[in-house]
Each structure stands twice: as C-alpha cells, then as structure tokens.
1. Look at the stretch 281-303 and say how many of its residues are out of contact with any Phe, Trp or Tyr (no Cβ under 7 Å at 6 or more places or on another chain), touching a residue at least 24 places away in the same chain (Cβ under 8 Å), part of a loop (DSSP other than H, G, I, E, B) and more than 7 Å from the ligand (Cβ to nearest atom).
2. Quick one: which of Gly452, Gly401 is closer than 16 Å to Cys325 by Cβ and buried (at least 22 other Cβ atoms within 10 Å of the Cβ)?
3. Within the set of pairs 6+ apart or on separate chains, which have a first residue in the stretch 354-371 that is closer than 15 Å to Val67 by Cβ, a second that is in a helix (DSSP H, G or I), and C-beta atoms under 6 Å apart?
4. Go through the stretch 421-449 and report how many residues are surrounded by fewer than 23 Cβ atoms within 10 Å (Cβ to Cβ) and within 19 Å of the chain's Cα centre (by Cα).
5. Can you pull out the residues in the stretch 346-369 that are of a type in the set (A, V, I, L, M, F, W, C), within 16 Å of the ligand (Cβ to nearest atom) and not in a helix (DSSP H, G or I)?
6. Based on this model, can you work out whether Ser479 counts as outside any helix (DSSP H, G or I) and within 13 Å of the ligand (Cβ to nearest atom)?
7. Applying the selection to the stretch 121-133, what residues are in a helix (DSSP H, G or I) and either crowded, with 24+ Cβ neighbours inside 10 Å or not assigned by TED's automatic domain parsing to the domain that holds Leu69 (or both)?
8. Restricting the search to the stretch 211-223, which residues are part of a helix (DSSP H, G or I), in contact with a strand residue (DSSP E or B) (Cβ under 9 Å, 6 or more places away or on another chain), buried (at least 23 other Cβ atoms within 10 Å of the Cβ) and in contact (Cβ under 8 Å) with a residue 60 or more places away in the chain?
Amino acid sequence: MSTEAENMKVTYTSTNVDMSRFHAWFDEALRTLRAQQGATYPAYIDGVEVRSEQAPIEDRSPIDAEVVLGHFQACTKAHVDQAVAAARRAQKSWRKLAWQERVAIMRRAAGLIRKQKFEIAGVMCLEVGKNRLEAMGDAEESADLIDYYCDQVEQADGFVRSMKKMTTIETNTDVLRPFGVFVCISPFNFPMALSTGMSSAALVAGNAVIFKPASTTPWTGYRLYKIYEEAGVPAGVFNFITGRGCDVGDTLTFHEGVDGVVFTGSKDVGMRIFHGLSERWAKPCLMELGGKNPAIVTASADLDKASDGVMKSAWGLQNQKCSACSRVYVHKAVAADFIERLIAKTKAISIGDPCDADVYFGPVINEAAVKTYLRVVDQAKAEGEILYGGHRLTEGALAKGHYVAPAIVRVSKESTLLREEFFVPFLAVCEVDSLEEAIEESNKAEYGLTAGLYSGDEAEIELFFDEIESGVTYINKRSGATTGAWPGAQPFCGWKGSGGSGKGGCGPYYVAQFMREQSRSVVVEK
Ligand code: NAP
C-alpha cells in the first residue's frame, strides 16, 4: 500500500478525508481479498501451522450466505494442551526481554496494521458486514490501541518504581510483573480492535497469549496473527486457535496452565468464565461484556442533534456494537417531534452490500441474529407499537444475506424490551415525564456500559453525570449518542453486568491489570 494511503487516517468520526481516494484504495483491497476467498487457513501453535482432523469451520459472509470466505481449523482439546505448553515455555524468555524491546516489537505491529489497513478493513466488510468507514475505524483503532498501551509502559518506566525506605540500610522497589499465560477471547463485532487491544496489552506486559477469535470472524483473527508474526513476536508467545466457543471454550479458559483470561463478549459467556476460572486460587479475569445503552432526550434538548446522534448510534454496524444505542427515554413534551425526525433520518439511510461505497447499513451477523430480531419485533407488536421497520429484507441481492430493516418501536417503561440486550437493529423508545425518571429507568437494566444525554441545561447534565450508572457517558454528541470511544480519549469501562475490571480498555490503567506486583526489599548491612 502507498505511504499516502497508509497516512490517510479515518476514525469513527472523521470528516476531513478525501473520500474518492479512500474508496479507490478500498476497491483495490476488496479485489485482492475476493481473489483469496475460499482458502484454507491453519491454526498456529508455537509458531507452527496446525491442522485439525475435525471438519473445518466454514467462514461464510453475512452479505451472501453462499459465499465461503475461508475454511478454518476446528481445534480440539489436544491443540489447547499444546498451545498452553508452548505458551508457558515461550513466556519465560518473553518476560525476560527488556520492556523496551517488547515495546519496539509491538510498535512494529501497529505500523504493520497501518500499512495493511485497507485489506484488514476489507476483510471486516466481507466477514462482519461492516460498512467501509466502520471497518476502517476498527482497523485504525487497533493500531492506536497498541501505541497507547506501549505509551503506558514507557510512561511507567516499565512499571518499576522506587519505594520509600523504612531504614537506612534497605532499598525498596515495586515491580509489576506479568502473570504468565493469558487466554484472550474476542467477539465478532470488533474483531480487529478488540482482539488487538486485549492481546497487545497482555503481550506488552510480558505475558504469552492464546487467542481465540469468534467463529464468525476467524479471517480477521488470522490477519492479526500474521501481523504479530511479521512484527517479530517470538514463536509460542502468541498462539492462534480457531474453534467454536461451545467446543473449545471451557477447555481453554479453565485450563490449569492458564494464569488469566481476558474476554470481551456477552454477559452469559463472560459470567460462565468468571464462575469457572478460579478453582485453586483466584485468577485475573478481565471482562468487558454486553450493553443496553440508553440515550435520554430532555425537553431542553436540541432535537436535530439528538435525532442525528441517536440515528447514528442505533444504526451504525446494525446496532451490533456493545455501545449501540438500543433505547431512548424522551420527555413527552418533545417526543412526537423527536420521533418524527428520527424516523425521517432512519428512512434516509442506505441499506445494502456494505462493501459498496455508499452503503451505511449492512446485514446482521448470521441467521440466529435474524431470528432474534423477528422474535423481539413480535414481542414489540404485542406490547407496544412498531413505529418503523420490523421486517426481514429480501429484495434482490438482499435475499442472499441476513438483512433486516432497522426497527423503531414505542413501548411503556415496564417492557423488558428496554432492559435486555438483543444485539440486532432494534430501538425501543419510551416517553417519560422527567430526567429523574429517565435516569431511574436507565439504571434498572443490569448493564452499565454507555449512555448519552441531550440537554441544554447545565444542572441536568450534572445530575446525569452524577446518577447514571454507566462507565462511558456522552453529552450532546451529534456523531453518536452512545458510540465512538477512542483509545486515550474515552476509556471504555463497563459497570455492573457490562464488565468486571473496573478499568477499561482505551483507558490509562489498562496494561497494569495484566501484571502482578512484586515488592523487592534489599537489605545491605555494613
Ligand atoms: P459471545 O457469543 O459471548 O462470544 C464471544 C466469544 O466467546 C466468541 O469468541 C465465542 O466463540 C466465545 N465463546 C462462546 N462460548 C464460550 C465458552 N463457553 N467459553 C469461552 N468462550 C466462549 O459474543 P458475540 O456474539 O461474539 O459478541 C456480542 C457480545 O459481545 C454482546 O453481548 C456485546 O455487547 C459484547 N461486546 C462487549 C464489548 C465491550 O467492550 N463491553 C465489546 C464488544 C462486544 P464462538 O464465536 O465460537 O461462539
């Protein structure tokens, strides 16, 4: 890729980009990738290609379910045992490398991601159904995450710190040291950024990693493996296992030789890991889980801004972001006006093949997601009112993929549709009498990831910050009511059922969580 293409930076909120050149480079990347479709890919353990005797996993595109993007290994318990043994061996020398050398290798990986970002983004269009800008945001974020985590190690001087002396004959030092071997499991929706963010923090801290991507997105995971390999991560330090979570998940996470798990995904799977992980002693379990993210629109809000922000957060990646806005509490005095604007803006979005330059809204990830969508639409019909959408899309080429229309429904505050996460393009709107009521209803969900407020009143903003039970909050954000966090700008920490670490990815305290403290006192008697 040319240096010019490499230097073009596109984030989730970019506005000053030469789009004609962006799309030309994107077209070229898609042509290259389409020529590779249908290949068979190995897993990698100890730097060596591994093939399974089990029937391979077919990686099918959500855009057209007939298209097999690649065949990936269905790894077994024996592969997990091998990967754990390799990681334990390799971690010994990895942790002994000077931290500056680990940082240099990881920064090389960030550079390689930037070089390959059009192809990496293209894989995510084909594999996840992301539109071009969303896919590029995911790739760019991955590189920035690595750099941000390297900065953390540098700023902390490798996490070695002098401590106070209790006597004149002692020297005390506090050292953060890696735990050992981390299992890293990622979800389908940000297959590059989340996989890279979790694994790079574990690696730069000196751990070895066994990585399993979602079985719907192994191709993106494979690209990440190849980047680390090219950057110089030694054999066995980063191992790439593919397989279904229901088959190899427990074997991986509950393995005796694993020292910790870093997981992003649904609350159900996360809690299963959390409960099963620590048997003989407590092991670190860093988890970022689901969301049911509210936007609140008060009577003092700018409704043009609010309807823009909700539309973008609800329909970006088809509401399959953990941060997607999936419910709105709107003051009844402005509800009719807000809903009218929101529907008009939703009608205007382009739906179709997300590989096309002008498409905003693509398919959902698989047939199971279509079924979830149809089920919750039925529930909304019984409990409330469908304001827009609510059906499968089957016109022309859409029939080949997993396409549904964005659904906007009105429900009363008792509805469970306002509290459960569905992860499909379904937005529930509820009218309220006050901001206090909106906050109280927002906090009833067991999730607490992101939340947005639209208000023109300082006192309302203060009340929202103070009372809302969410780790990521936004006020009056036109580019996305609840979405768009970026490394170093918006730490991404789920509260309550949305996460267990208390210190999120993208934030300043992330890397230290992959390390444990050792106090070193040296006494010299003269
Ligand atoms: P998921 O179904 O929980 O799967 C996540 C990962 O866990 C996949 O790699 C999956 O493998 C694996 N897995 C499944 N069962 C397992 C088991 N028993 N043991 C170990 N691993 C297992 O989630 P998803 O559908 O991919 O992603 C959507 C969810 O992730 C949503 O809830 C969303 O809110 C959440 N999410 C949260 C954040 C955040 O930062 N808080 C970010 C993104 C997504 P298979 O694919 O093979 O089943």
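1. Within the stretch 281-303, residues that are out of contact with any Phe, Trp or Tyr (no Cβ under 7 Å at 6 or more places or on another chain), touching a residue at least 24 places away in the same chain (Cβ under 8 Å), part of a loop (DSSP other than H, G, I, E, B) and more than 7 Å from the ligand (Cβ to nearest atom) number 3.
2. After ruling out the rest, the residue left standing is Gly452.
3. These pairs meet every condition: Pro354/Cys125; Cys355/Leu30; Cys355/Cys125.
4. Number satisfying all stated conditions: 2.
5. Taking the stretch 346-369 first, the residues of a type in the set (A, V, I, L, M, F, W, C) are 348-349, 351, 355, 357, 359, 361, 364-365, 368-369.
The next check asks that each one be within 16 Å of the ligand (Cβ to nearest atom); those that pass are 364-365, 368-369.
Correct list: Val364, Ile365.
6. Answer is no for this residue.
7. Residues of the stretch 121-133 that are in a helix (DSSP H, G or I), as a first pass: 121-128, 132-133.
Of everything in the stretch 121-133, those that are in a helix (DSSP H, G or I) and either crowded, with 24+ Cβ neighbours inside 10 Å or not assigned by TED's automatic domain parsing to the domain that holds Leu69 (or both) turn out to be Ala121, Gly122, Val123, Met124, Cys125, Leu126, Glu127, Val128, Arg132.
8. Answer for the stretch 211-223, where residues must be part of a helix (DSSP H, G or I), in contact with a strand residue (DSSP E or B) (Cβ under 9 Å, 6 or more places away or on another chain), buried (at least 23 other Cβ atoms within 10 Å of the Cβ) and in contact (Cβ under 8 Å) with a residue 60 or more places away in the chain: Pro218, Trp219.
The values are calculated or read from the model by the stated rules, or taken from the named source; none is laboratory data. Small disclaimer: the values here were computed from a predicted structure and weren't measured. For neighbour counting, all protein chains shown are included, and Cβ atoms are generated from backbone atoms with ideal geometry for every residue, glycine included.
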